[in-house]
Each structure stands twice: as C-alpha cells, then as structure tokens.
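The structure appears right after this line, and notes come after that.
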Amino acid sequence: MQYDLILTLYAAKRLKPTVKTLRMLAAIQRPRQIVCVVTGREIAPDAARRLIAPCSDAVHIVEHDNTGREFGAYQAGLDHLAGRDLDRLMILNDTVGSHQPVSRHYLEKLFDKLRPPLPCGLAVGTINYSERALTLDGLTSSRWLRSNLMGFDEIALSKLGNRILAPKIELLITDTHDISRFFGAEIGPTMQEHLSQWLFSKTGSYYWYGAEPLSVANAGRMAGKARSILQEKYLTFRLDASDVAIRGMSMPVLKDALLNRISRLKSDLLPLS
C-alpha cells in the first residue's frame, strides 16, 4: 500500500504536537507525498516545509484563504493532487496531537484497517454516533467519521467525485442570531436539535467546549462552526449512500492513553529541527 497525505495547518501553538503526530505516521510508513495546506498567517510556509520535509520525499505547500474552513482546506489539498494516481489518501489536521492526542498504537491500527482492499471502496477513522437518526439534504444516518484524521482508498474518493467539500451544504446555514432562520429547510428537525445542543447550550450530556447561546456577537462564528459540523456529517452520509465500507476506530482511551503518553515521552527526545 502507498498513501499520500493531506496535512492542514492553522495555529502556531498546535504545530509541535502536529509534527510529532506526523512523525509517528511516517515512522509506521512514509507517505509518498505530503500536501501541506497552510491557512492564515501564524505559520510561515517555509517553516512548515522545513519541519515536514523529513517525513516524505515530496512536500508541496498550498496556501489557503480559509474558504470552507477545514473542509475547504481538505479540498484544496485534494485539488492539488488532481490527475495523480491515488492508492490511499490520509487526511490529518492540526487538532490531532493537541485537541485529540493519539498514540503510535492507534495509528498502527488505523493503517491496518486501511490496507486491505475492498471492491466497494473503503474509508477509515474514528466514528461518532448519535442516539437518533439525523437527516441532511435527504440523506439519513446516525454515525459520522471524525474528520480530523481519516483515510480513503481510490474507489471511495471516486464515488465522492473527488469532492470532500460539498458547496451546497455551506448554503444551509445563515449568518444570523435569529434561530428560526439559522438552519435551512434541508436540515432535518433532529439534526437541528443535535446542532443546537452542541453549539448553543452547556447543559446535557454533550456540548462543544465553545458553546454559548446564539447572539448577534457570535452569529458569524457559530455559523462557520455549524457548517463544518454539517460538512463532517454529510461526508459520511454520502459514503453510506454510495455503499462505501467504513471501518471505524474507537476513541483513544485507557490503554491507548497510556501508550500515547509513552509515545509522547519518546518523541520529546527528538528535536524538531
């Protein structure tokens, strides 16, 4: 198996743990090439290239204006790879290693799930579940791949039309503090409840760490976050509708958390330069 990697970078404070995660990936198997999509001005493209270069023989830097947020960055990376034969594709963004630490053990399991070919196509990653079925643009599911670390084979990408970002989903959220207008009609009522609980309330069993009531001051930020969440879910809904097999991973807990601590202690011994 050969794989190419799309890496997205945003925040300077997340660069070090992201590079360490990338080094663990490369130690398991070096990517054939890395497309690093740099968004914003916190990270200089030349600095990103210098840190990433030891992990692959081919590193390409793409600067992105944050249109479509992380899914726009994924698409920019995939567009850069257009016309090239892709055996397997991994996508990694810079929340992995900081917001979601992973161990080498976890990454090895991810590779193990991605290697065996399937004629129907294959996607792998951590799967989250909802207790209720969620509907978006006529598609329904109760599961979705966590999009900060995921892998696909060539067949799955082809069934997606090589489109990670779905532009029409961007139009389903309105930048407004009026909750009655915030969600488009194509977003099912259960999905609206799910998003409202995650974004606008800090009560109940689940909510975003940045959750707060929708207001004039935060309407734009909340609309952007809502679009990202919908893109994440819609990607999996499209994979399900295309009969692509999805091999899920459990969130790293207990044993994996211990292995992650060991991995981090070892990686701390390696200089970044």
Worksheet item: For region 111-129, how many residues are part of a helix (DSSP H, G or I), surrounded by fewer than 22 Cβ atoms within 10 Å (Cβ to Cβ) and touching a residue at least 24 places away in the same chain (Cβ under 8 Å)?
Response: 2
Worksheet item: Checking D57 against (1) out of contact with any strand residue (DSSP E or B) (no Cβ under 9 Å at 6 or more places or on another chain); (2) touching a residue at least 40 places away in the same chain (Cβ under 8 Å); (3) part of a loop (DSSP other than H, G, I, E, B), which test does it fail?
Response: (2)
Worksheet item: What do you reckon, is D87 exposed (fewer than 15 other Cβ atoms within 10 Å of the Cβ) and acidic (D, E)?
Response: yes
Worksheet entry | Unique match (being touching an Asp or Glu at 6+ places or on another chain (Cβ under 6 Å) and under 23 Å from A123 (Cβ atoms)) among L78, L89, L5 | L89
Fill in: Answer residue from region 73-97, given it is within 11 Å of the chain's Cα centre (by Cα) and in a helix (DSSP H, G or I) and is farthest from D153 (Cα to Cα) among those
A73
Worksheet entry | Test for Y106: is it modelled with pLDDT under 95 and closer than 30 Å to Q192 by Cα | no
Worksheet item: Do any residues in region 65-82 that are buried (at least 24 other Cβ atoms within 10 Å of the Cβ) have Cβ atoms under 8 Å from those of residues that are acidic (D, E), where the two are at least six apart or on different chains, and which pairs are they?
Response: F71/E232
Worksheet item: Is one or more of the residues making up region 175-191 assigned to a loop (DSSP other than H, G, I, E, B) and within 25 Å of V96 (Cα to Cα)?
Response: no
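The values are calculated or read from the model by the stated rules, or taken from the named source; none is laboratory data. If you're wondering where the values come from, they're calculated on a predicted model, not measured in any experiment. Virtual Cβ from ideal backbone geometry, glycine too; neighbours counted across all protein chains shown.
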